[in-house]
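Below: the structure, in structure tokens.
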Amino acid sequence: MLEGKLALVTGASRGIGRAIAIELAKAGAEVIINYLGSEKKAIEVKDQITSLGKKAHLLRFDVSNSEDVKKAIKNIEENIGQIHILVNNAGITRDNLFVRMKEEDWEAVLRTNLFSAFYVTQAVLPMMLKVRWGRIINISSVVAFTGNPGQVNYASAKAGLIGFTKALSLEVAGRNITVNAIAPGYIETDMTEKLPEKVKEAFLQEIPLKRAGLPEEVAHLSVFLASDLASYITGTVFHINGGLYRG
Ligand code: NDP
């Protein structure tokens, strides 16, 4: 389905990004695995993709640092090729009640979850414009729509990604580039593992499907959006949350 396509997945060493990288590769894409701190885990993702007989590359860069991003994307263009599929997935949380939230935690979350989409997409877009085909998928969150106490920074960043998706989709639609967002609910990864048990139980009570989602379930939606099957879908948000929030 994605043969001949080169995909960059940010934050692909763990969790949802890891699953997206693997599923894109299974669907035929050549994949660039971006990571920051988890080198060993990123190597495991690469090994898993290679063992499927598919091509993968590792690229360490900090999505929240514009110079780092520019250098990395230049490196891809010179040494690997033109990117067709970009998944802006890397993200962090730094939770605290708003009255106690430190400016550095506000800034880190905005930089990593939102500024990163500006840096990476702006660096990658010229390649898509050149080949007149592109897929940009931004990983937002259900909390962009519902809010969540302790996550004013994170909800702001994830809501920002929705506006980013809608506005950019209008600018690039004429070049056959689609831009969509995925808003996952509670997905089993390291990010949610660190939540207090009480919070996890409360989430599960509220989910009509009565379970957390799996990274692979988000990855399957990403593969669809990256493919030609989704050629008429742009500027849209996809909710994947077991019925927790229904748009
Ligand atoms: P994890 O914490 O499991 O993984 C986060 C990934 O992001 C890691 O691969 C990490 O790389 C990478 N990353 C973090 N900061 C940077 C950075 N500055 N530069 C490059 N890579 C970075 O998170 P999830 O898999 O749970 O989340 C993935 C995305 O999905 C995030 O955007 C998150 O906000 C969103 N999401 C998650 C939900 C969930 O329930 N899990 C729900 C809704 C949205 P490394 O370890 O190598 O540093």
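The values are calculated or read from the model by the stated rules, or taken from the named source; none is laboratory data. Owing to the predicted nature of the structure, the values given are computational and were not obtained by experimental measurement. Here the Cβ is made from the backbone with ideal geometry for all residues, glycine too, and neighbour counts use every protein chain on show. The accessibility values were calculated without ligands, DNA or RNA, using every heavy atom of the protein model including side chains. Shrake-Rupley method; radii C 1.70, N 1.55, O 1.52, S 1.80 Å.
Under a 1.4 Å probe, what is the accessible area of the chain per residue, stated in Å²?
48 Å²
Compute the FRET efficiency between Ser51 and His220 as 1/(1 + (r/R0)^6), taking r as their Cβ-Cβ distance and R0 = 25 Å, and round to the nearest 0.05. Don't jump to the answer; show the numbers that get you there.
On the way: r = 20 Å, r/R0 = 0.81.
Efficiency, rounded to the nearest 0.05: 0.80.
Ignoring solvent entirely, what values of log10 I(q)/I(0) come out of the Debye formula for the range 49-176 at 0.22, 0.23 Å⁻¹ when each Cα is a single scatterer?
Those come out to -1.26, -1.32, one per q.
Using a cut-off of 16 Å between alpha-carbon atoms, which aspartates and glutamates can reach Lys194, once sequence neighbours fewer than 8 places away in the same chain are excluded?
Partners found: Asp95.
Once amide H atoms are placed 1.01 Å from N in the peptide plane, what residues at a sequence separation of 5 or more from Ala90, or on another chain, have their amide H within under 5 Å of its amide H?
Close amide H contacts, sequence-distant or interchain: Thr10, Gly11.
How much length would be gained if the chain were fully extended between Val99 and Glu44, taking 0.36 nm per residue of separation minus their Cα-Cα distance, in nm to one decimal?
Going from the current span to full extension adds 15.8 nm.
For the range 6-240, what D do you get in µm² per second when you plug the Kirkwood radius from alpha-carbon pairs into Stokes-Einstein at 25 °C and 0.890 mPa s? Spell out each step's value before the answer.
Details: Rh = 17.8 Å.
In µm²/s, the coefficient is 138.
Which one of Leu58, Pro196, Ile83 is farthest out on the positive end of the charge dipole of the range 6-240, using unit charges on Cβ (Lys, Arg +1; Asp, Glu -1) and the Cα centre as origin?
Ile83
Would you please give the residues with an amide H less than 5 Å from that of Val179, counting only those at least 5 places away or on a separate chain, with H modeled from the backbone geometry?
Ile136, Gly235
Take Lys26 and Leu229, extend 7 Å from each Cα along the Cα→Cβ direction, and tell me the distance between the two endpoints in nm.
1.2 nm
May I ask you to list, by number, the DSSP H helices of the chain whose Cα span along the axis is at least 15 Å and whose average Kyte-Doolittle hydropathy reaches -1.0 or more?
Details: long enough: 15-26 (17 Å, 0.83); 39-51 (18 Å, -0.94); 66-79 (19 Å, -1.32); 116-131 (23 Å, 1.16); 152-172 (30 Å, 0.72); 215-226 (16 Å, 0.82).
Taking the DSSP H segments of the chain (at least 15 Å long, mean hydropathy at least -1.0), we get 15-26, 39-51, 116-131, 152-172, 215-226.
How compact is the range 1-94 by the rule of thumb for globular proteins, expressed as Cα Rg over 2.2 N^0.38 Å? Could the numbers behind the result be given before it?
Numbers: Rg = 12.2 Å, N = 94, 2.2 N^0.38 = 12.4 Å.
With N residues counted in the range 1-94, Rg over 2.2 N^0.38 Å equals 0.99.
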